[in-house]
Amino acid sequence: MEFLDLINKRHSIREYSEEPVSIEILNKLVEWAKLAPSSRNKKPCDFIVVTEKEMLSKLSQSKAAGSQMLKNAGGAIVVTGDSSKSDVWIEDCSIAMTYLHLAAVDLGLGSCWIQIRNRKTADNSDSEKYIKELFGLKENTEVLAVLSLGKIKS
């Protein structure tokens, strides 16, 4: 698929079929996201692949609104950045997230960017803190967003 076709075809998908996304495909997406450019090639981004239904359900509660589709997703990728590696980790991780989105389209998958940074859960807790605790992340690991992924529901 041509690059401009990918851009035109990409849009947020919030409903997925019940078919899981294979770990091989999710890992391939992460490989491609790691090819994204970063400031001074510091590569502050890291990715957490999630396939377990229980964890997807917990992730679906990470925001007051806009994350519920994770409960029925075929998989997800949490995009994090190491703030001790780069002061522009937000920009670097955003570029990597865009790569994930476009690669998902190329593979025929639906996806949706779920913003976590500066967002709140239903009980008004910090969404980023919720995810950090869920995965036991280090202090300098910041959570930018989660990408929900799945086969497009027909």
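Within this structure, ALA96 fails the test of being small (Gly, Ala, Ser) and either open to solvent by 50 Å² or more (accessible area, probe 1.4 Å) or over 23 Å from TYR130 (Cα atoms) (or both). Close Cβ contacts (under 7 Å, 6 or more residues apart or on different chains) running from residues in the range 95-124 that are under 21 Å from LYS58 (Cα atoms) and of a type in the set (A, V, I, L, M, F, W, C) to residues that are part of a loop (DSSP other than H, G, I, E, B) and open to solvent by less than 10 Å² (accessible area, probe 1.4 Å) comprise ILE114/SER67; ILE116/SER62.
Of everything in the range 1-23 that is of a type in the set (A, V, I, L, M) and not in a helix (DSSP H, G or I), the residue that is nearest to THR51 (Cα to Cα) is VAL21.
Can you tell me how many residues within the range 24-57 are in a helix (DSSP H, G or I), in contact with a strand residue (DSSP E or B) (Cβ under 9 Å, 6 or more places away or on another chain) and without any contact (Cβ under 8 Å) to a residue 40 or more places away in the chain? Adding up the residues that qualify gives 2. Residues considered: GLY66, GLY81, GLY74. Of these, the only one that is open to solvent by less than 40 Å² (accessible area, probe 1.4 Å) and more than 17 Å from ARG117 (Cβ to Cβ) is GLY74. Consider the range 1-60 and keep the residues that are modelled with pLDDT of 95 or more and among the polar types (S, T, N, Q). The one that is surrounded by the fewest Cβ atoms within 10 Å (Cβ to Cβ) is ASN41. Looking only at residues of the range 110-131 that are of a type in the set (Lys, Arg) and not in a strand (DSSP E or B), we find that the one that is most open to solvent (accessible area, probe 1.4 Å) is LYS129. In this entry, ASP92 passes the filter for residues that are closer than 18 Å to SER38 by Cβ and among the acidic types (Asp, Glu).
The values are calculated or read from the model by the stated rules, or taken from the named source; none is laboratory data. None of these values were measured; they are calculated from a predicted model. Backbone-built Cβ (ideal geometry, glycine too); neighbour counts: all protein chains shown. All accessible areas refer to the heavy atoms of the entire protein, side chains included, with ligands and DNA or RNA removed. Shrake-Rupley method; radii C 1.70, N 1.55, O 1.52, S 1.80 Å.
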